[in-house]
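Everything on this sheet refers to the single structure shown next.
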Amino acid sequence: MTNWDHIDEKAKEWVKEAGRRIKDSFQKTLTIETKSNRNDLVTDIDQATEQFFISKINETYPEHRIFGEEGFGDKIEDLDGVVWIIDPIDGTMNFVHQQRNFAISIGIYEDGVGKIGLIYDVVHDELYHAFQGKGAYLDDMQIPSLKEASVQDAIIGLNATWVTENKRIDPSLLAPLVRDVRGTRSYGSAAIEMAYVATGRIDAYISLRLAPWDFAGGNILITELGGKATTLKGEDLNLLEQSSVFICKPGLHEKILRDYLQNGSW
Ligand code: 2AM
Ligand code: CA
């Protein structure tokens with residue numbers, strides 16, 4: 001039988017060690033490359049961090065599989081068994097430009113069910129973690145369950161990309177929501193924005209396109225707190241595909257879906 005307490009302990013230990021290595025790298029010159037476009041960045045530290053996790057996991061849990069952004073893990077086409085979904089640095093643009101506002105994000109799933117979610121804000125040394133059925137924590141402090149909120153009082157995490165000319169949606173579709181909420185914010189790391197929804201600093205987070213490693217950890221954290229983690233159509237997130245993402249407090253999720261998102265072709 002899978003010893004989840006042991007996995008939880010090891011995952012936390014490795015995330016902290018990886019964070020220390022990333023902080024040490026601030027002294028060195030980064031090697032920066034681009035991936036799908038000139039703003040899609042990857043550094044040698046993203047790659048080294050993913051490889052660090054892979055060697056630790058392979059050594060300790062050879063039967064587990066790994067789905068990592070940088071592609072050093074396994075070729076994952078299903079979620080059978082234990083699968084670690086890893087983004088070694090979520091918010092690489094922030095990492096490169098600001099040396100802050102980035103996170104290590106990990107979701108550990110068993111047969112597709114989220115068991116352990118970890119989001120480590122490296123520079124603030126804040127670890128958001130959830131264990132299915134045992135609550136969610138910021139370091140040692142338990143995070144209270146998410147409560148309902150009204151649209152008028154809500155702050156929403158949303159990148160300005162989605163309300164200006166872009167190739168995914170008509171930029172006018174989200175404008176009514178932006179107009180009606182109290183405010184919008186953009187932190188540049190999906191994992192950090194999901195951790196901020198978890199802790200009530202923002203009430204919702206919307207993105208038109210994220211990959212599984214961007215939301216695998218946050219999905220577990222938000223679900224454990226009674227929040228909603230879906231696509232913009234309100235469907236469950238698929239951990240094997242890119243999709244739109246709508247992370248939200250309960251109640252507010254239904255209201256926004258009904259009043260603002262129903263007519264979009266996301
Ligand atoms: P990353 O830094 O790991 O690439 C930025 O608004 C957020 O979107 C970050 O979480 C970033 O993750 C993610 N992101 C950036 N480019 C992306 C892409 N091409 N596909 C999916 N997610 C992306
Ligand atoms: Ca990344």
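Coordinate-derived values only; no laboratory data. This structure is a prediction, so every number in the text was calculated from the model and none was measured. Virtual Cβ from ideal backbone geometry, glycine too; neighbours counted across all protein chains shown.
Sparsely packed loop sites in region 1-72 (the trypsin sites (Lys or Arg not before Pro) outside DSSP H, G, I, E and B with at most 10 other Cβ atoms within 10 Å) comprise K28, R38. Over the chain, all Cα pairs binned in 10 Å intervals from 0 give whole-percent P(r) values of 7, 32, 36, 20, 4, 0, listed from short to long. Toward the positive end of the charge dipole of the chain, with +1 on the Cβ of Lys and Arg and -1 on the Cβ of Asp and Glu, the farthest Cα among G71, G227, Y260 is that of Y260. Sparse packing (at most 10 other Cβ atoms within 10 Å of the Cβ) combined with a DSSP loop state is found for the following trypsin sites (Lys or Arg not before Pro) in region 125-208: K167.
Every Cα-Cα pair of region 151-260 was included, and the share exceeding 16 Å stands at 53 percent. Modelled this way, with points 7 Å down the Cα-to-C-beta line, the labels at Q142 and R185 are 2.5 nm from one another. Under the criterion of Cα pairs below 8 Å and six or more residues apart, the relative contact order for the chain equals 16 percent. The alpha-carbon positions of region 80-166 define a convex hull whose volume is 168 Å³ per residue.
For region 180-224, just say rounded, prolate or oblate: build the C-alpha gyration tensor, square-root its eigenvalues into a ≥ b ≥ c, call rounded for a/c under 1.5, and beyond that prolate if a/b exceeds b/c, oblate if not. Oblate is the answer for region 180-224, as a/c is 1.5 or above yet b/c matches or exceeds a/b. Under 1.5 on a/c is rounded, so check that first for region 211-258, then, if it is not, pick prolate when a/b is larger than b/c and oblate when it is not; a ≥ b ≥ c are the square roots of the alpha carbon gyration tensor eigenvalues. Here region 211-258 falls in the oblate category. Ranking V181, T34, G217 by how far each Cα lies toward the positive end of the dipole of the chain (charges on Cβ) leaves V181 at the top. The string of couplings for region 258-263 from the Karplus curve (6.51, -1.76, 1.60, θ = phi - 60°) is 6, 8, 10, 10, 4, 8 Hz, one whole number per residue in order, with x for Gly and Pro. With a threshold of 19 Å on the Cα-Cα distance, the over-threshold entries among K35/K228; K228/K255; K35/K115 are K35/K228; K35/K115.
Please state the shape class of region 4-143: rounded when a/c is under 1.5, otherwise prolate if a/b exceeds b/c and oblate if not, all from the C-alpha gyration tensor. Oblate.
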